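The structure appears right after this line, and notes come after that.
What follows is calculated from the coordinates using simple rules that are stated; it is not laboratory data. Owing to the predicted nature of the structure, the values given are computational and were not obtained by experimental measurement. No Cβ is skipped: glycine too gets one built from the backbone with ideal geometry, and neighbour counts run over all protein chains shown.
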Amino acid sequence: MNEYTQKIIYAIEFTDIYKKYSGDKFIREAKCVDFQLEHILQPLEEGDLIAGMMHHELVGFSSQYGGIYTYFFHEHEFRNVFENCKNELTEGVLKKAEMILEFWKKENTRKKVSDRFIHKYGKEPGDSYRSAGYANCDCRVAGTNIDFEKLTRLGLDGLDDEINRYTNKNGNNSFYESLHQWIDTIRKSCMRYEREAVETANHCPQNKKDDFFKLANALKAIQHHAPRSFLEGLQLMWIYSVCSDTMNYGRMDDYLGRLYAQDLADGRLTEEEGVRLILGLYKHFKTIDKVHDCRVIIGGAGRQNPKDADKLAMVIMEASLRFKETVPQLTLRYYKEMDDEVLNKALKLNAAGCSFPIIYSDETNVPAVEQLYDINKEEAEQYVPFGCGEYVIVGKSVGTPNNGVNLLKALEILLHRGYDPFFCEQIETNVPPLNSYQTFEDLYNALFEMIKPTIEKLAWHKYLNYRVAGHEAPYLHLSLLMDNCIERGKALLDGGVKYLNAASEIFGIISCADSLTTIKKLVYDEKRLSLEKLVEILDADFDGYDAEHKWMIDAPKYGNDIDEADKIAIRVFDEIARLTSECGEKAGLHKYKIVSVNNSMSAEWGYFCGASACGRKRSAPLSNGNGPSISADKNGITALLNSMSKFGNDNHAGVINNVRFTRELFSASFEKIKFLVLTFFENNGVQLNICAVGKEDMKNAMIHPEQYQNLIVRIGGFSARFVTLEPSVQREIILRTTYEG
């Protein structure tokens, strides 16, 4: 049986199980995932120190990575596989394959969300937004940070015991039964890898045998006992993550620090061996290579034993320094009482050209998160950024970001009476003519009035994303380790999770704000241009309007500590945050907040935008996150950080601030840069993505990529090897300001 035929047979068998247990979503998921993992878990490799890898098939169950959304179906790939093997299939298998193709086209969970959206709005979600680069939406249950501390403290038997306690209290039901089955599936996966580790040890070179025997013993121990060593804790965390398709790993120094420190104290482990084990985990991170996720959090207030956690944090950072890759997205939460050596180590990694760790300020974020989610300080101290930088509360909230809005594109559409000049398509209707905006306030208010219906649709789509997923599946892997699912006897999205939150990504906030600042100055304050003339100039991409283009470039810009520009940036930020929150509440979400954590789409969506009043030319990149418009920060790093620190922080679920220095400056002025970072955090700064790289290196890498394979840069909410990026993204990064002195 060839590879293609095996995939078809797997899809048929998975579908049979799905149909057999369709009357009970809890048992159905438990059975489907158990079958799935038997087939998709990958064998151990000779260099493995930690066990567990998987590769999804054409149909299956996943919360995010491998299949994107709940019960998924990769139709295009299925058709390709089918075409490659249909001549080898028996008549019976051929008919079954054709039947499941039609079955999953309608039955996949994403299709069910789309059907519900069409029922309400009469159109597909994509048709509702129409214009590429204006708004988008997708289906995921992403970024949820499960309670790994509970997992490593109780172990699998302890979790079984907890389920039994609440079964006795609440009564037996298929939810509790399916949770037990899920735990048994994890045990089976451990047993499988235990056998593989012993077999590998018996056949591998002598210098590898000890590693595999240790691994086999750890896999055997965690089938029942709570972890009693660092290796056991690391293995339990990882096997659970792999089987769950979980892509973010929470406060690793906190939930594994106790085990690591005890191993050190008892002489079972050295610091170097600890680094080696972390590098073994990093190897798996890189195989998956999910650069938009893969968050590992260290530091921060609210840890159980900061001294033990800091010991592990230093080892994790040392591993990242040696690994020097695009994953994991190592993230340090700074707070004033933290050991100074931890911050020093973090900044030394940045100075060495690592784009990690990303540094967040608990002094700013903990009180902001309290206000943001209406929670107490103890809960707020368990905030973590995931993915590109969106916030969730460990073990207590979901906060999936599935959609986005481009504010600069919205402004362009407004200025053309709802028409998109890039795609030559009418996007919005009933948009007034330009001469109706007699004041700047008229124009400003019209912008947000125009985009409100789109924000409402996105919020409703987000709500459907959760409702349909909850109707289809209990998400056992998440429900088991999230408050208050077991206590309530309810699955994650059926009322089990404590806080049902969500996020919407906003692109081009600063580009839009700078454009509005320019319009206010040139059109309404100084009356140098009419609004009609300004639009004419933009449509010409400034061709023949050099003087006017210079006026726009010279207009005040955010990022220079100029109140005139910064106030409008803050106002735009606050307005889209308020509107998003209101629409989310109306849709039925607990909290629905904006994030400004842009990925490469700030360059990609910029391509679909015409010239803008901030002086940006047609198809040029948008501002990234809360960073300035490209190359607009002219007054130095202190002025830039002052602008960044002016925003309120209790109305968003994550922002990013990219700052780039030359390596030479970072090395020569380490203490000054450290002082700059701490001053920023003392003055309301949220976080910094600090990158040390030379602009000339990036320019040379575009010409001679083979010589710069290891050049890593920060995009927005993730990092990448510079030479792997699209040229448009490379050019946008080069154009950002690099501080040289």
Checklist entry - How far is helix 362-373 tilted off the main Cα axis of the chain, in degrees rounded to 10, range 0 to 90? => result 90 degrees
Checklist entry - If you put +1 on each Lys and Arg Cβ and -1 on each Asp and Glu Cβ, how big is the dipole of segment 418-463 around its Cα centre, in Debye rounded to 20? => result 220 debye
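By count of other Cβ within 10 Å, fewest leading, how are 148, 78 ordered?
78, 148
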Next on the checklist: If I take all pairs of Cα atoms in segment 148-385, what percentage of them are more than 24 Å from each other?
Outcome noted: 50 percent
Checklist entry - Considering only the chain, what is the antiparallel percent among its DSSP beta bridges, to the nearest 5? => result 40 percent
Checklist entry - Helix 306-323: angle to the longest alpha-carbon principal axis of the chain, degrees 0 to 90, nearest 10? => result 80 degrees
Checklist entry - How big is the shadow of the Cα convex hull of segment 642-732, averaged over all directions, in nm²? => result 6.9 nm²
Checklist entry - With labels modelled as points extended 7 Å from the Cα through the Cβ direction, what inter-label distance (nm, one decimal) is found for residue 307 paired with residue 700? => result 4.8 nm
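Is it possible to state the helix-based mean residue ellipticity at 222 nm for the chain, with each DSSP H run of 4+ residues giving -39500 (n - 2.57), the sum divided by total residues, to the nearest 500 deg cm²/dmol? What is it?
Only helices count here, giving -17000 deg cm²/dmol.
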Item to check | Extended-chain gain in nm, criterion 0.36 nm per residue less alpha-carbon gap, residue 578 and residue 91 | outcome: 169.4 nm
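For the ranges 265-271, 5-11, 642-648, 428-434, what's the packing order if you count other beta-carbon atoms within 10 Å of each residue, average per peptide, and put the highest first?
Most protected by this proxy first, the peptides run 642-648, 5-11, 428-434, 265-271.
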Checklist entry - Among 527, 345, what is the fewest-to-most ranking by other Cβ atoms within 10 Å? => result 527, 345
Item to check | the chain pair-distance distribution - Cα-Cα, 10 Å bins, rounded % | outcome: 3, 14, 23, 25, 20, 10, 4, 1, 0
Item to check | Counted charge near residue 298, where neighbours are those whose Cβ lies closer than 9 Å (Asp, Glu -1; Lys, Arg +1) | outcome: -1
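Pull out a ≥ b ≥ c, the square roots of the eigenvalues of the alpha-carbon gyration tensor of segment 3-124, then state rounded if a/c is under 1.5, prolate if not and a/b is larger than b/c, and oblate in the remaining case. It would help to have the intermediate numbers written out before the result.
Working: a/c = 1.72, a/b = 1.23, b/c = 1.40.
Oblate, since a/c reaches 1.5 and b/c is not below a/b.
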Next on the checklist: Apply the Karplus curve 6.51 cos²θ - 1.76 cosθ + 1.60, θ = phi - 60°, to the phi angles in segment 165-170 and return the couplings in whole Hz, x for Gly and Pro.
Outcome noted: 4, 7, 5, 5, 7, 9
Checklist outcome for this item: Inter-part gap, Cα centre of segment 641-687 to Cα centre of segment 148-170, in whole angstrom, is 42 Å
Item to check | Qualifying trypsin sites (Lys or Arg not before Pro) for segment 175-210 [loop in DSSP, other Cβ within 10 Å: at most 15] | outcome: none
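Under unit Cβ charges (Lys, Arg +1; Asp, Glu -1), what dipole magnitude, rounded to 20 debye, does the chain have relative to its Cα centre?
With only Lys, Arg, Asp and Glu charged at Cβ, the dipole is about 540 debye.
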Checklist entry - If you find the alpha carbon centre of segment 374-444 and of segment 491-557, how far apart are they in angstrom? => result 12 Å
Next on the checklist: 5 Å is the cut-off here: which amide hydrogens, built 1.01 Å from N in the peptide plane, fall below it relative to residue 392, excluding neighbours closer than 5 in sequence?
Outcome noted: 384, 386
Checklist entry - Just in segment 95-161: which trypsin sites (Lys or Arg not before Pro) are loop by DSSP and have at most 12 other Cβ atoms within 10 Å? => result none
Checklist outcome for this item: Long-range amide H partners of residue 334, meaning residues 5 or more apart or on another chain whose placed amide H is closer than 5 Å, are 360, 361, 362
Checklist outcome for this item: From fewest to most C-beta neighbours within 10 Å, the residues 315, 198, 366 line up as 198, 366, 315
Checklist entry - Once both labels are modelled 7 Å past Cα along the beta-carbon direction, what's the residue 639-residue 17 spacing in nm? => result 6.2 nm
